[in-house]
1. Looking for something under 18 Å from the mean Cα position of the chain (by Cα), closer than 21 Å to residue B:382 by Cβ and open to solvent by less than 10 Å² (accessible area, probe 1.4 Å) - is there at least one such residue anywhere in the range B:323-346?
2. Report, by residue number, each residue of the range B:393-424 that is β-branched (Val, Ile, Thr) and assigned to a strand (DSSP E or B).
3. Does residue B:130 satisfy the criteria of being within 10 Å of another protein chain (Cβ to nearest Cβ), part of a helix (DSSP H, G or I) and within 22 Å of residue A:54 (Cα to Cα)?
4. Assigned to a helix (DSSP H, G or I), farther than 19 Å from residue B:238 by Cα and facing chain B (nearest Cβ under 7 Å): is that true of residue A:36 in this structure?
5. Scanning the range B:1-20 for residues that are aliphatic (A, V, I, L, M) and surrounded by 17 or more Cβ atoms within 10 Å (Cβ to Cβ), which turns out nearest to residue B:47 (Cα to Cα)?
6. Among (1) crowded, with 23+ Cβ neighbours inside 10 Å; (2) away from chain A (no Cβ under 11 Å), there is one condition residue B:403 misses while meeting the rest; what is its number?
7. Among the residues of the range B:37-68, which ones are at pLDDT 95 or above and of a type in the set (S, T, N, Q)?
8. So, restricting to helices (runs of 4 or more DSSP H) that lie completely within the range B:205-318, which ones have at least 1 residues that are at pLDDT below 85?
Amino acid sequence: MSQELFTNLAIFVLSLLVGFEVISKIPSTLHTPMMSGANAIHGVVVVGSILVALEANSPLFYTIAFIAAVLGAINVAGGYVVTDRMLEMFSKPKKDNNNKGGEQ
Amino acid sequence: MSGLMTTVSLSYLVSAVCYVMGLHMMRTPKTARNGNRLSSVGMFLAVIMTFIVALVNHKASTTAWILLVIGLVIGVGYGVWRARTVQMTDMPQLVSLFNAVGGGAAAAIGTFDYLSRPSGASLAFAFSFPVILDLIIGSVTFSGSLIATGKLAGKVSGKPITFPGAKLLNALVVLVILAAFVMTIWFPVNVWTLVVAIVASLIFGILMTIPIGGADMPVVVSLLNAFTGLAVAMAGFVIDNQVLIIAGALVGAAGTILTLQMAAAMNRSVANIIAGGFGTGDSGGTSTDEVPVNVKETSADDVGVQLAYAKNVMIVPGYGLAAAQAQHEVAELAKLLTDNGINVNYAIHPVAGRMPGHMNVLLAEVNVPYDQMKQLEEANSMFETTDVSLVIGANDVTNPEAREPNTAISGMPILDVDKSKSIVVIKRSMSTGYAGIQNPLFSNDKTSMFFSDAKKGLQEIIASTKEYLDQ
């Protein structure tokens, strides 16, 4: 096994463990935004899209790279915006009996 | 390592830390929004650094640059537009759509790299193994998520679709995928291996998702979310990029935990849900529209009287409320009651709505104060002092059968609505919930049924309540 593969494999396994550990026990209230937030994070695939796109040099590869760029960009941009929109609703003034109004 | 590469690697590390911290902060409502923002800052950093390294290192053609920029602009534009305009009730299908595109992008990266290898070349295990996993998982997620999106949006039937020979077909497709897997790892590069792997995986994604009912779809979306994470991590192995590996693994693990918790809240196992043929959405296949004799029907007028003279009202929202988009009407009714000195609270079951936590999002959208939303245990301690429980489009989560052994929902935690003094159920018909069983709550002596669409019914109730309150 090459050194490179071993390093990547170690990173992969440890990241899995961190993932399990960091979100044990989420209140069900937050399941939907949480799923959406995780969804945005796998939008990191756009980084891969950018890297392969620049190696393209024929119509076939241009096409595949273009598809990867569009799909990745939808995932990352849409994912973060929609999660933020959802969470914005949770952080609205909780007790606005004192007529603060706010900027809603 | 050159100075630039060191900077890039360190930036990727900072990005990864942002994702982990961000996810961690999303565990509580207070810090959730900042958590997501922190994660997005990390993402922005990773993208910018990638661009910088690309500008310096790659000798990319002008065409490649132009196509990349156009692709990104189209993707960002479409993504942001959908995210900004989506109705809160349609959230689940949008999340599912984003899973599809993420999985699709990962599969496209795998395809690109595999095809870049000269035909007939033999591949190192370190490349062939992740690339075939990337292709399989990415493609399954892509087609499976699109079907899930269609089901949630009502474009594909929400009912479980099964057909004779489905199991045999599934087994065949799995065999083909396995064959492609073996071919990729132990045989030289061949375009047909790739085509077969992708087509078979796309078919498998469809076959896997169509037998699952609409009500179970959220768990499937969450599972596909985890799949996408893994596909992205595999893409990271393929192009030797650590930030993809870290973020992908993180989402893979987080998505798995979330899936297990969702399934637990529905008292089902993930395997049982994937086996399918069970969830039927809000109108059960075994439903009957006939009203049994022992069920008491009521009118908006009567509900208005009950509410106007109550002291404590508990609103129990469910799937029907989300489907009818009646959250504005609920909030209006609640405001009318609270303005007249009546206590109003909401009893929210963990799996009420279209996906866990969805009901809280809908109610938050119409400015329902957070402290009025009572979670299961707190709500259950309040039902005994509740004068009127208003059940809106909820069914299984209130079914007392869950306390009995040997029913489809035995052991599922429920809202003890039957302990309140009077119960009004707004529902379109007597049809069963996704569990497909009758609900004895509806024939309880204290229960009256108001057959109507949630939105229309609530508008009538608001009008009649107003009349009695004004008297």
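1. no
2. Start the filter on the range B:393-424 by keeping residues that are β-branched (Val, Ile, Thr), which leaves B:397-398, B:407, B:409, B:414, B:417, B:423-424.
Of everything in the range B:393-424, those that are β-branched (Val, Ile, Thr) and assigned to a strand (DSSP E or B) turn out to be B:423, B:424.
3. Values: within 10 Å of another protein chain (Cβ to nearest Cβ): yes; part of a helix (DSSP H, G or I): yes; within 22 Å of residue A:54 (Cα to Cα): yes.
Here the answer is yes, as residue B:130 does meet what is asked.
4. Working: assigned to a helix (DSSP H, G or I): yes; farther than 19 Å from residue B:238 by Cα: yes; facing chain B (nearest Cβ under 7 Å): yes.
In short, yes.
5. Going through the range B:1-20, the residues aliphatic (A, V, I, L, M) turn out to be B:1, B:4-5, B:8, B:10, B:13-14, B:16-17, B:20.
Still in the running and surrounded by 17 or more Cβ atoms within 10 Å (Cβ to Cβ): B:8, B:16, B:20.
On the way: B:8: 10, B:16: 12, B:20: 17 Å.
Result: B:8.
6. (1)
7. Selection gives B:39, B:40.
8. Details: elements: B:217-238, B:242-265, B:270-275, B:300-308.
Where helices (runs of 4 or more DSSP H) fall fully within the range B:205-318 and carry at least 1 residues being at pLDDT below 85, they are B:217-238, B:242-265, B:270-275.
The values are calculated or read from the model by the stated rules, or taken from the named source; none is laboratory data. The model shown is predicted, which means the values in this text are computed figures rather than measured ones. Every residue, glycine among them, receives a Cβ derived from its backbone with ideal geometry; neighbour counts consider all protein chains shown. Quick note on the areas: whole protein, heavy atoms, side chains included, nothing else; ligands and nucleic acids left out. Shrake-Rupley method; radii C 1.70, N 1.55, O 1.52, S 1.80 Å.
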